[in-house]
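Take a look at the structure below.
The values are calculated or read from the model by the stated rules, or taken from the named source; none is laboratory data. If you're wondering where the values come from, they're calculated on a predicted model, not measured in any experiment. Here the Cβ is made from the backbone with ideal geometry for all residues, glycine too, and neighbour counts use every protein chain on show.
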Amino acid sequence: MQCYSRDKRLSSGSLRFVLKCLFMALVFVSPILASAQDPTGASTGTIKDLGIDSVAATSDTTLNKVVAAVNTIGAADGHNKIAINIMWTLLAGFLVMFMQAGFALVETGFTQKKNVAHTMGMNFLVYALGMFGFWVCGFAFMFGGALNAATLGGAPGVIPHEYVIHMFGHDFGIAGSVGFFLNSKVYDVGVFTLFLFQMVFMDTTATIPTGSMAERWSFKSFLIFGLFISMFVYPLYGNWVWGGGWLSALGANFGLGHGHVDFAGSSVVHMVGGVAALAGAIVIGPRVGKYGKDGSVNVIPGHNIPMAILGTFILAFGWFGFNPGSTLAGGDYRISIVAVNTMMAGTGGTLSALLFMYAKGQKPDPGMLCNGLLAGLVAITAPCAFVNSFSAVIIGAVAGVLVIVVYNLLDSKLKIDDPVGAFAVHGANGAWGCLALGMFADGSYGDGWNGVAGTVKGLFYGDGKQFVAELIGVITCFVFVFPVMYGFFKLSNKITPIRVAEADETAGLDIPEMGVHGYVD
């Protein structure tokens, strides 16, 4: 009996030793296990997230304590993950907000000094107008059907709802219906984080037409526009792609890859804004003196190239919030790839624009170099997480040439006056970016995207259906946005004139429209 008791005590001590070792191993190894099984940083940190099933049912008290301790560590880990994700998303949103300064400087630098206060005023006020409209109903229409962002805490207690149309045996999501005025039903840290991040994205869209319609747009007409695009046009298309709507479901419903995929907004943000800018430029007409009666094209130079170049650098800097921030997760290991691809595409766009101008016997126009950089950034915005760096350079290089070709086509052939090349930069290259995703996505990322198993692959990597989904998304964007915005500008012209008086345009809009000079000299 004595010998048996000694063996029993030894066995108990050994068990405690083993359990302590297990506990210490879990403490030190759990980050490695978590990183292996949670590459996006989306899991919230329970024992199951470490690949270990709960053993709470066992009768061993010591082992139960180990499991309880691991769950406590997991809960703390989960809290930290959500906090990191929220902080990362907010900081990225702050960077995107700073892009508003970049847009203001680019557009003002590329226009005449007699309109400085007017151009700056539009770029400033669109921030407040857009935010107000998005708060009222834009956010609800866009994300009210899918408010539970898992990486931002899951919004417990928030019940999303999507308006759907049932056709061909499937539900087609059209618009969300939860979150108007950010009311008490969505009073949640995750929802508010998502609102801030998506609001500054929307504001990028809203500010793009201020460039294409600059130097002749009535400020009162602009005010109506700022509310309309932020409350209805941008949110509706955004819902179809990012809010659980029908374009995102093309894969699940019809087997078209992962549906229309747009990582950070080539179509949702830039193409929507660029197409709206094209519609506005057509309706408002060219600036006085831009085209001669004989069809000749007169150059109206910008007044401050250094200002425009500085604005371009600010935009490029803000793009590091725009693209990497769209992970909505500070623990997503893809952030570095997104950031580097963003840089390389901008580089490709700048250098290809330079070489293209030299090839045509032209001087390296700084304005076009800026647009080449921005075009590359716009184009990589959709595929930035899904392609390698070589593809990113190619995508950017195509964009740098495309922006010059499209700008010259509109300016010289179609006689559409777009002072800053807004459609060429954002519209044409927003479309190219989505199509590029459908071709160059290499299958290294995106498992489960839009509810479809497997990673995102493009045409060149074996999935031509993904390209079809991207093409459908691009066509839908133009077919929806252009007629709606064209009709809006025509209708708003009957409410208040869309264009200023010719005498005011000739003299400059600062005093007639704003009451102050931009420069006192």
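Under the condition of being among the aliphatic types (A, V, I, L, M), touching a residue at least 12 places away in the same chain (Cβ under 8 Å) and farther than 16 Å from W432 by Cβ, the residues counted in the range 345-375 number 5.
Being closer than 16 Å to Y237 by Cα and either in a helix (DSSP H, G or I) or without any contact (Cβ under 8 Å) to a residue 24 or more places away in the chain (or both) is a property that holds for V164. Across the range 102-112, a minimum of one residue is classified as part of a helix (DSSP H, G or I), among the charged types (D, E, K, R) and over 16 Å from A150 (Cα atoms). The residues of the range 493-516 that are surrounded by fewer than 20 Cβ atoms within 10 Å (Cβ to Cβ) and in a helix (DSSP H, G or I), listed by number, are N493, K494, I495, E502, A503, D504, T506, A507, I511, P512, M514. When the residues of the range 169-221 are filtered to those that are more than 19 Å from the chain's Cα centre (by Cα) and among the acidic types (D, E), the one that is farthest from V272 (Cα to Cα) is D188.
Of the helices (runs of 4 or more DSSP H) lying entirely inside the range 264-373, those containing at least 2 residues that are more than 30 Å from W217 (Cα to Cα) span 305-322, 335-359.
Residue-wise test of (1) within 20 Å of the chain's Cα centre (by Cα); (2) among the aliphatic types (A, V, I, L, M).
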position: A424; (1), (2): yes, yes
position: N429; (1), (2): yes, no
position: V452; (1), (2): no, yes
position: V456; (1), (2): yes, yes
position: Y486; (1), (2): no, no
position: L509; (1), (2): no, yes
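Check whether at least one residue in the range 375-382 is over 30 Å from Y291 (Cβ atoms) and in contact with a strand residue (DSSP E or B) (Cβ under 8 Å, 6 or more places away or on another chain), and report yes or no. No, the range 375-382 contains no residue that is over 30 Å from Y291 (Cβ atoms) and in contact with a strand residue (DSSP E or B) (Cβ under 8 Å, 6 or more places away or on another chain). Does Y519 satisfy being over 22 Å from L377 (Cβ atoms), touching a Lys or Arg at 6+ places or on another chain (Cβ under 7 Å) and part of a loop (DSSP other than H, G, I, E, B)? Against the criterion (over 22 Å from L377 (Cβ atoms), touching a Lys or Arg at 6+ places or on another chain (Cβ under 7 Å) and part of a loop (DSSP other than H, G, I, E, B)), Y519 qualifies.
I'd like to check something: does the range 318-326 contain any residue that is closer than 30 Å to A117 by Cα and touching a Pro at 6+ places or on another chain (Cβ under 7 Å)? No; the residues of the range 318-326 include none that is closer than 30 Å to A117 by Cα and touching a Pro at 6+ places or on another chain (Cβ under 7 Å). If you go through the range 460-477 one residue at a time, do you hit one that is within 27 Å of G295 (Cβ to Cβ), assigned by TED's automatic domain parsing to the domain that holds L236, surrounded by 18 or more Cβ atoms within 10 Å (Cβ to Cβ) and under 23 Å from the mean Cα position of the chain (by Cα)? Checking the range 460-477: not a single residue is within 27 Å of G295 (Cβ to Cβ), assigned by TED's automatic domain parsing to the domain that holds L236, surrounded by 18 or more Cβ atoms within 10 Å (Cβ to Cβ) and under 23 Å from the mean Cα position of the chain (by Cα).
Surrounded by 12 or more Cβ atoms within 10 Å (Cβ to Cβ) and either within 18 Å of T210 (Cα to Cα) or without any contact (Cβ under 8 Å) to a residue 24 or more places away in the chain (or both): is that true of F480 in this structure? In short, no.
Residue count for the range 395-426 satisfying the condition of being out of contact with any helix residue (DSSP H, G or I) (no Cβ under 7 Å at 6 or more places or on another chain) and assigned to a helix (DSSP H, G or I): 6. Of everything listed in (1) on the phi < 0 side of the Ramachandran plot; (2) buried (at least 21 other Cβ atoms within 10 Å of the Cβ), the single unmet condition for I159 is (2).
Checking each residue of the range 85-93 against the condition of being aromatic (F, W, Y), over 26 Å from I309 (Cβ atoms) and either in the same structural domain as G245 (by TED's automatic domain parsing) or crowded, with 18+ Cβ neighbours inside 10 Å (or both) gives at least one match. Would the range 128-139 turn up any residue that is β-branched (V, I, T), assigned to a helix (DSSP H, G or I), over 19 Å from the mean Cα position of the chain (by Cα) and surrounded by fewer than 22 Cβ atoms within 10 Å (Cβ to Cβ)? Looking for residues that are β-branched (V, I, T), assigned to a helix (DSSP H, G or I), over 19 Å from the mean Cα position of the chain (by Cα) and surrounded by fewer than 22 Cβ atoms within 10 Å (Cβ to Cβ), one finds at least one in the range 128-139, hence yes.
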